[in-house]
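*Asks:* My questions all concern the structure below.
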Amino acid sequence: MDLADWGAKKVMVVTDPLLSKSAPVQAVLESLEREKIRFALFDRVHVEPTDASFKEAIAFAREGGFDAFVAVGGGSSMDTAKAANLYSTYPPADFFDYVNAPVGKGLPVPGSLKPLIAVPTTAGTGSETTGVAIFDLVELKAKTGIAHRRLKPTLGIIDPDNTRTLPPAVAACTGLDVLSHAIESYTTLPFDQRPHPARPLLRPSYQGANPISDVWALQALHMVARFLPRAVADQGDEEARSQMLLAAAFAGMGFGNAGVHLPHGMSYPVAGMVRRFMPPGYQVDHPMVPHGMAVILNSPAVFRFTAPACPGRHLEAAAALGADTSRAREADAGPILADRLIALMQQLGMPSGLRAVGYGSEDIPALVQGTLPQHRVTKLSPRPFSEAELAGLFADAMVY
Ligand SMILES: NC(=O)c1ccc[n+]([C@@H]2O[C@H](COP(=O)([O-])OP(=O)(O)OC[C@H]3O[C@@H](n4cnc5c(N)ncnc54)[C@H](O)[C@@H]3O)[C@@H](O)[C@H]2O)c1
Ligand SMILES: [Fe+2]
């Protein structure tokens with residue numbers, strides 16, 4: 001009905017192969033038929049998209065001449081739809097024009113995009129609220145992204161019926177992504193300590209922690225602490241599933257404006273350099289470290305390091321996760337938060353560190369090189385870091 005109200009005539013529906021026949025996709029197709037809106041289904045989203053899979057969706061969008069988009073799925077599907085919308089609406093001279101600097105040119109989105117409705121089926125990325133699209137740049141062996149507030153979907157449809165079939169392993173990884181979004185955006189460099197952009201158009205999507213994003217981040221953190229273990233333990237727990245889907249969107253409104261920092265920056269090479277790891281519980285035919293897992297494996301090491309920059313915020317996060325912080329000193333903030341995270345990771349069946357997903361100390365130089373160009377997020381670290389300190393963080397994340 002929204003698409004009909006907006007006058008959409010031909011819609012591209014974007015999803016992944018596993019979800020192609022799922023109830024949420026079928027509901028979308030049936031409602032488009034009911035509204036007599038023409039559509040084409042693109043169901044070849046790569047789980048954790050690559051530059052090649054983005055380009056396939058972009059070619060489909062260009063050929064189809066669509067005037068609106070609907071994404072149904074997790075971050076992989078929503079991000080692919082954002083890219084298809086941008087690149088078919090304002091075709092650039094080169095694919096890298098919109099990719100964030102210094103990997104690409106980081107050109108801003110020139111004008112309004114076509115309407116995009118995002119229907120999340122994971123309680124994770126919050127991509128239905130953010131102006132970010134992430135993909136794996138295969139030649140770089142690291143993920144990178146496109147970020148601009150005009151990429152934000154026009155509408156997000158947050159319906160817990162759509163996460164009913166989420167396998168527990170996916171619920172765990174995506175839920176830990178939400179948790180890290182919340183803690184990272186709450187502890188990221190404050191907005192008034194960032195350099196200001198030369199023009200409003202150049203304002204970054206990720207503006208630093210600010211009083212508005214703090215509200216969303218803290219609320220999401222409390223919800224995840226309370227409901228993630230329940231949502232993973234019992235797919236039938238309607239309340240937990242509902243609260244987690246809301247928490248994902250809340251955290252998205254927090255980090256989508258404030259930003260995330262080192263756990264995400266370090267996750268991009270962890271995901272991109274994967275060799276053999278096949279995540280248990282995921283139905284995929286290629287090795288991968290799922291995004292939420294790649295992020296949370298870095299988080300305890302990072303927060304031990306960043307806590308001295310804003311110990312009070314790290315302690316608040318630890319308290320939200322159930323730690324007793326009544327007698328904690330500022331110097332304890334990092335270890336207390338890291339310990340709570342590690343306990344939760346164990347409870348949810350996460351690997352015990354980067355070593356368990358196939359990395360060793362010999363990989364650290366390459367992991368560091370894959371993180372350094374991620375300026376969009378690394379520059380938001382509340383504590384400046386050297387290359388040697390970054391290597392130390394990877395070493396610390398090998399085994400918890
Ligand atoms: N745009 C952003 O702001 C943002 C933020 C964080 C992460 N990301 C990106 O999003 C991607 C990860 O997205 P994700 O974690 O949501 O997962 P996903 O989209 O990669 O899906 C993971 C798996 O779960 C399956 N699945 C999804 N919903 C299901 C359901 N309801 N029932 C059964 N199976 C289901 C999918 O088919 C897939 O196999 C990564 O590429 C990551 O980098 C984007
Ligand atoms: Fe994330």
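The values are calculated or read from the model by the stated rules, or taken from the named source; none is laboratory data. Quick caveat, the model's predicted, so the values are computed rather than measured. Neighbour counts are summed over all protein chains in view; Cβ atoms, including those assigned to glycine, are modelled from backbone coordinates with ideal geometry. The protein model used for the area step is the full one, side chains on, heavy atoms only, and it has no ligands, DNA or RNA in it. Shrake-Rupley method; radii C 1.70, N 1.55, O 1.52, S 1.80 Å.
*Asks:* Restricting to the stretch 124-136, what's the tally of residues that are closer than 15 Å to residue 292 by Cα, open to solvent by 10 Å² or more (accessible area, probe 1.4 Å) and more than 6 Å from ligand 1 (Cβ to nearest atom)?
*Replies:* So the answer is 1.
*Asks:* Among helices (runs of 4 or more DSSP H) lying entirely in the stretch 328-381, which contain 1 or more residues that are more than 29 Å from residue 132 (Cα to Cα) and open to solvent by less than 20 Å² (accessible area, probe 1.4 Å)?
*Replies:* Details: elements: 333-347, 364-371, 375-378.
Output list reads 333-347.
*Asks:* In addition: Step by step: first the residues of the stretch 145-162, then only those that are in a strand (DSSP E or B) and under 15 Å from the mean Cα position of the chain (by Cα), then the one that is modelled with the highest pLDDT. Which residue is that?
*Replies:* 146
*Asks:* For the stretch 206-231, name all the residues that are within 16 Å of ligand 2 (Cβ to nearest atom) and part of a helix (DSSP H, G or I). Talk me through it step by step, then tell me what you get.
*Replies:* Let us first name the residues in the stretch 206-231 that are within 16 Å of ligand 2 (Cβ to nearest atom), namely 206, 213, 216-217, 220-221, 224, 228.
Within the stretch 206-231, 213, 216, 217, 220, 221, 224, 228 qualify.
*Asks:* I'd like the residue in the stretch 167-205 that is open to solvent by 10 Å² or more (accessible area, probe 1.4 Å) and under 17 Å from the mean Cα position of the chain (by Cα) and, out of all such residues, is nearest to ligand 2 (Cβ to nearest atom).
*Replies:* Filtering the stretch 167-205 for residues that are open to solvent by 10 Å² or more (accessible area, probe 1.4 Å) and under 17 Å from the mean Cα position of the chain (by Cα), the one nearest to ligand 2 (Cβ to nearest atom) comes out as 174.
*Asks:* Is it fair to say residue 155 is surrounded by fewer than 24 Cβ atoms within 10 Å (Cβ to Cβ), within 20 Å of residue 265 (Cβ to Cβ) and not charged (D, E, K, R)?
*Replies:* The answer is no for residue 155.
*Asks:* Keeping to the stretch 310-327, report how many residues are over 18 Å from residue 346 (Cα atoms) and open to solvent by 50 Å² or more (accessible area, probe 1.4 Å).
*Replies:* Final tally of qualifying residues: 5.
*Asks:* So which of 260, 295, 302, 270 is within 14 Å of ligand 2 (Cβ to nearest atom), open to solvent by less than 10 Å² (accessible area, probe 1.4 Å), in contact with a His (Cβ under 7 Å, 6 or more places away or on another chain) and in a helix (DSSP H, G or I)? Walk me through how you get there before you give the answer.
*Replies:* On the way: 260 fails: in a helix (DSSP H, G or I); 302 fails: in contact with a His (Cβ under 7 Å, 6 or more places away or on another chain); 270 fails: in contact with a His (Cβ under 7 Å, 6 or more places away or on another chain).
Residue meeting the stated conditions: 295.
*Asks:* Can you confirm whether the stretch 84-94 contains a residue that is in contact (Cβ under 8 Å) with a residue 40 or more places away in the chain, closer than 16 Å to residue 124 by Cβ and more than 16 Å from ligand 2 (Cβ to nearest atom)?
*Replies:* No, every residue in the stretch 84-94 fails to be in contact (Cβ under 8 Å) with a residue 40 or more places away in the chain, closer than 16 Å to residue 124 by Cβ and more than 16 Å from ligand 2 (Cβ to nearest atom).
*Asks:* Please identify the pairs in which a residue from the stretch 272-284 that is over 15 Å from residue 46 (Cα atoms) has its Cβ atom under 9 Å from the Cβ atom of a residue that is small (Gly, Ala, Ser) and in a loop (DSSP other than H, G, I, E, B), counting only partners at least 6 apart or on another chain.
*Replies:* If the second residue must be small (Gly, Ala, Ser) and in a loop (DSSP other than H, G, I, E, B), the pairs left are 273/358; 274/358; 275/358; 276/358; 277/358; 280/349; 281/349.
*Asks:* Identify the single condition in (1) in contact with a Pro (Cβ under 7 Å, 6 or more places away or on another chain); (2) in a helix (DSSP H, G or I) that residue 4 does not satisfy, given that it satisfies every other one.
*Replies:* Evaluating residue 4 over (1) in contact with a Pro (Cβ under 7 Å, 6 or more places away or on another chain); (2) in a helix (DSSP H, G or I) leaves (1) as the failure.
*Asks:* Of all residues being of a type in the set (Gly, Ala, Ser), within 16 Å of ligand 2 (Cβ to nearest atom) and in contact with an Asp or Glu (Cβ under 7 Å, 6 or more places away or on another chain) in the stretch 97-128, which is nearest to residue 163 (Cα to Cα)? Just the residue, please.
*Replies:* Taking the candidates together, the pick is 124.
*Asks:* Give the residue, chosen from 221, 228, that is within 15 Å of ligand 1 (Cβ to nearest atom) and under 19 Å from the mean Cα position of the chain (by Cα).
*Replies:* 228
*Asks:* Let me ask something else about it. Taking into account only those residues within the stretch 35-50 that are among the charged types (D, E, K, R) and surrounded by fewer than 18 Cβ atoms within 10 Å (Cβ to Cβ), which is farthest from ligand 2 (Cβ to nearest atom)?
*Replies:* Taking the stretch 35-50 and keeping what is among the charged types (D, E, K, R), we get 35-36, 38, 43-44, 48.
Going one step further and asking which of them are surrounded by fewer than 18 Cβ atoms within 10 Å (Cβ to Cβ), we end up with 35-36, 38, 43-44.
Values: 35: 33, 36: 38, 38: 34, 43: 23, 44: 23 Å.
Restricting to residues being among the charged types (D, E, K, R) and surrounded by fewer than 18 Cβ atoms within 10 Å (Cβ to Cβ), the top hit is 36.
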